Amino acid sequence: MKYIDTNNCRLEIGDITTSSLDEKLNFTYAHVKKVVIVDENSRENCLEYMLTNFTGLSEAEIILLPAGEDNKQLNIVGSVWEALTEYGVSRHDVIINLGGGMITDLGGFVASCYKRGLDFINIPTTLLSMVDASIGGKTGVNLGHYKNQIGVFSDPVAVYIDPVFLSTLPGYELLSGYAEMLKHGLIHSEALFSSVLQAMREDEIPSLDLIESCIRVKHEVVTEDPTEKGKRKVLNLGHTIGHVLEGHFMNRIPLTHGHCVAIGIMMEAYISYRRGMLAEEDFRLVQDAIFEFYELPAYSNDEVGEMVAMLYNDKKNANNAILCVLLQKIGDCSYDIEVPESQFVEAFLHYKNLQINMN
Ligand SMILES: NC(=O)c1ccc[n+]([C@@H]2O[C@H](COP(=O)([O-])OP(=O)(O)OC[C@H]3O[C@@H](n4cnc5c(N)ncnc54)[C@H](O)[C@@H]3O)[C@@H](O)[C@H]2O)c1
């Protein structure tokens, strides 16, 4: 078992059945209500494993949510708060979020606001939530098509990361998690970027060591800047464009969060290159890596206009300027860079035309 301690929370990476969870459920939370939040897929693939291995969950209330990003919305949050009220849950009780980033983001938000906050534990069951969403204290939901518009910073008391849950994850969901791992490589080092790429080429579930390396990258950044006043913004590489793609295509074509981030990374690398910040060789390496695993979605000129308009709602912006993370080299990037609308338009049109040529 590997341990990473943050100010308010312990991350345990390895076999969950030998983790501190059993002790937590049977001692720390022995006499309080336990509520497990799952979605349809984590219920189907992960819940039984937890109920079989943890007697401390035998009397837990289970709240089942519909799966999918379009359910990460306030109306679902409201229905969970109503269920908690019906079960008589108090602020001394504990919520256990068992699922991907949709469940850990939404469940963390639910827990942080219900009766002004109760303890919650994250048990991520997708690669993306293991290496990214379940750690770092960001919780929240979307507002219509605007990603993570409503939320708070709030840490779980513990996060248990066990790749045992990854065996049932569809390949495209694995790739979604890999996109955030590529991002961790791009902001940290060429060595990590190459290791992630190699694991993707081997078409395997990443090793525990590689998962841990990526978690450590995020942990280091978040420890330095927990509430994203500065350095933490680097973790948004690929997300300025990625969030717009995700919001725009939501309910139209099934694109995972990581898929959108991957395309966002490539387009933001293109902008970095066109501005003379990123060497052509590094840009080509990034573009080739993304094209090897992720397809470009098709969009029209009108949609370019719609997506560029959405960029103005990004949380990182200030003074009506679009601020973006840009790459300087593989392993280094800068944040808070003002990018004019015209450069986003150029990037969207460049890849739109490339898409047409590729087909
Ligand atoms: N809070 C943060 O810092 C942070 C960081 C990155 C991403 N996010 C958020 O995370 C979300 C994306 O996370 P995600 O990709 O995990 O999405 P998700 O939770 O929607 O999971 C993806 C799919 O996998 C299914 N699933 C979950 N576990 C499974 C398992 N073990 N086997 C089979 N299927 C399983 C889910 O039901 C869903 O259909 C987005 O909402 C994004 O905004 C948050």
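The values are calculated or read from the model by the stated rules, or taken from the named source; none is laboratory data. As the structure is a prediction and not an experimental result, all values here were calculated from the model. Neighbour counts are summed over all protein chains in view; Cβ atoms, including those assigned to glycine, are modelled from backbone coordinates with ideal geometry. Surface accessibility is based on the protein's heavy atoms, side chains included, excluding ligands, DNA and RNA. Shrake-Rupley method; radii C 1.70, N 1.55, O 1.52, S 1.80 Å.
Only one entry of Glu173, Glu190 meets the criterion of being over 19 Å from Leu235 (Cβ atoms), among the charged types (D, E, K, R) and open to solvent by 20 Å² or more (accessible area, probe 1.4 Å), and that entry is Glu173. Could you tell me which numbered condition Ile96 fails, if it satisfies all but one of (1) crowded, with 20+ Cβ neighbours inside 10 Å; (2) of a type outside the set (S, T, N, Q); (3) outside any strand (DSSP E or B)? If we test Ile96 against (1) crowded, with 20+ Cβ neighbours inside 10 Å; (2) of a type outside the set (S, T, N, Q); (3) outside any strand (DSSP E or B), just (3) comes out false. Take the conditions (1) assigned to a loop (DSSP other than H, G, I, E, B); (2) open to solvent by 20 Å² or more (accessible area, probe 1.4 Å); Val89 misses just one of them, which is (2).
How many residues does the stretch 114-134 hold that are within 8 Å of the chain's Cα centre (by Cα) and polar (S, T, N, Q)? The total comes to 2.
Can you tell me which residues in the stretch 18-47 are within 14 Å of the ligand (Cβ to nearest atom) and open to solvent by 10 Å² or more (accessible area, probe 1.4 Å)? Give the derivation first.
First pass over the stretch 18-47, keeping only residues within 14 Å of the ligand (Cβ to nearest atom): 36-47.
Residues satisfying the conditions are Asp39, Glu40, Asn41, Arg43, Glu44, Asn45, Leu47.
Candidates are the residues of the stretch 153-170 that are in contact with a Gly (Cβ under 7 Å, 6 or more places away or on another chain) and under 15 Å from Val110 (Cα atoms); the one that is least open to solvent (accessible area, probe 1.4 Å) is Pro156. Within the stretch 251-294, the residues that satisfy the criterion of being among the charged types (D, E, K, R), more than 25 Å from Val131 (Cβ to Cβ) and part of a helix (DSSP H, G or I) are Arg274, Glu280, Glu281, Arg284. Output yes when any residue across the stretch 131-150 is more than 10 Å from the ligand (Cβ to nearest atom) and at pLDDT 95 or above, and no when none is. Yes, the conditions are met somewhere in the stretch 131-150.
Would the stretch 313-323 turn up any residue that is within 24 Å of the chain's Cα centre (by Cα), at pLDDT below 95, β-branched (Val, Ile, Thr) and assigned by TED's automatic domain parsing to the domain that holds Ala347?
Within the stretch 313-323, the first condition is being within 24 Å of the chain's Cα centre (by Cα), and the residues that meet it are 313-318, 322-323.
Now drop any that are not at pLDDT below 95, which leaves 313-318, 322-323.
Pick out the ones that are also β-branched (Val, Ile, Thr) and you get 322.
Filter once more, so that each one left must be assigned by TED's automatic domain parsing to the domain that holds Ala347: 322.
For the stretch 313-323, residues within 24 Å of the chain's Cα centre (by Cα), at pLDDT below 95, β-branched (Val, Ile, Thr) and assigned by TED's automatic domain parsing to the domain that holds Ala347: present.
Note on the stretch 301-312: residues that are touching a residue at least 24 places away in the same chain (Cβ under 8 Å), surrounded by fewer than 16 Cβ atoms within 10 Å (Cβ to Cβ) and not acidic (Asp, Glu) amount to 1.
Within the stretch 131-146, the set of residues being open to solvent by 20 Å² or more (accessible area, probe 1.4 Å) and either in a strand (DSSP E or B) or in the same structural domain as Leu245 (by TED's automatic domain parsing) (or both) comprises Lys138, Leu143, Tyr146.
Looking at the stretch 49-79 only, could you name the residues that are in contact (Cβ under 8 Å) with a residue 60 or more places away in the chain and not in a helix (DSSP H, G or I)? Please lay out each step first, then the result.
Taking the stretch 49-79 first, the residues in contact (Cβ under 8 Å) with a residue 60 or more places away in the chain are 49-50, 69-70, 72-74, 76-77.
Within the stretch 49-79, Lys72, Gln73 qualify.
Within the stretch 93-102, is even one residue modelled with pLDDT under 95 and near the ligand (Cβ under 8 Å from one of its atoms)? No, the stretch 93-102 has no match at all.
Scanning the stretch 113-130 for residues that are under 20 Å from Met50 (Cα atoms), small (Gly, Ala, Ser) and more than 12 Å from the ligand (Cβ to nearest atom) yields nothing.
For (1) within 26 Å of Tyr172 (Cα to Cα); (2) in contact (Cβ under 8 Å) with a residue 12 or more places away in the chain; (3) touching a Pro at 6+ places or on another chain (Cβ under 9 Å), each residue gets a yes or a no:
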site	(1), (2), (3)
Ile271	no, yes, no
Ala279	no, yes, no
Gln287	yes, yes, no
Phe291	yes, yes, no
Lys316	no, yes, no
Asn320	no, no, no
Cys333	no, yes, no
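Every condition in (1) open to solvent by less than 30 Å² (accessible area, probe 1.4 Å); (2) more than 23 Å from the chain's Cα centre (by Cα) is met by Ser342 except one, and the failing one is (1). Based on what the data block shows, is Ser194 more than 24 Å from Tyr270 (Cβ to Cβ), more than 14 Å from the chain's Cα centre (by Cα), away from the ligand (no atom under 11 Å from the Cβ) and among the hydroxyl-bearing types (Ser, Thr, Tyr)? Here the answer is no, as Ser194 does not meet what is asked.
So for the stretch 234-247 (the condition being surrounded by fewer than 17 Cβ atoms within 10 Å (Cβ to Cβ), at pLDDT 95 or above, farther than 26 Å from Gly14 by Cβ and not assigned by TED's automatic domain parsing to the domain that holds Tyr146), does at least one residue qualify?
Of the residues in the stretch 234-247, the ones surrounded by fewer than 17 Cβ atoms within 10 Å (Cβ to Cβ) are none.
No, there is no match, as no residue in the stretch 234-247 is surrounded by fewer than 17 Cβ atoms within 10 Å (Cβ to Cβ), at pLDDT 95 or above, farther than 26 Å from Gly14 by Cβ and not assigned by TED's automatic domain parsing to the domain that holds Tyr146.
A quick yes/no check of all residues on (1) away from the ligand (no atom under 13 Å from the Cβ); (2) assigned to a loop (DSSP other than H, G, I, E, B); (3) touching a His at 6+ places or on another chain (Cβ under 9 Å); (4) more than 26 Å from Leu57 (Cα to Cα):
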{"residue": "Asp105", "(1), (2), (3), (4)": "no, no, no, no"}
{"residue": "Ala111", "(1), (2), (3), (4)": "yes, no, no, no"}
{"residue": "Pro156", "(1), (2), (3), (4)": "no, yes, no, no"}
{"residue": "Glu173", "(1), (2), (3), (4)": "no, no, no, yes"}
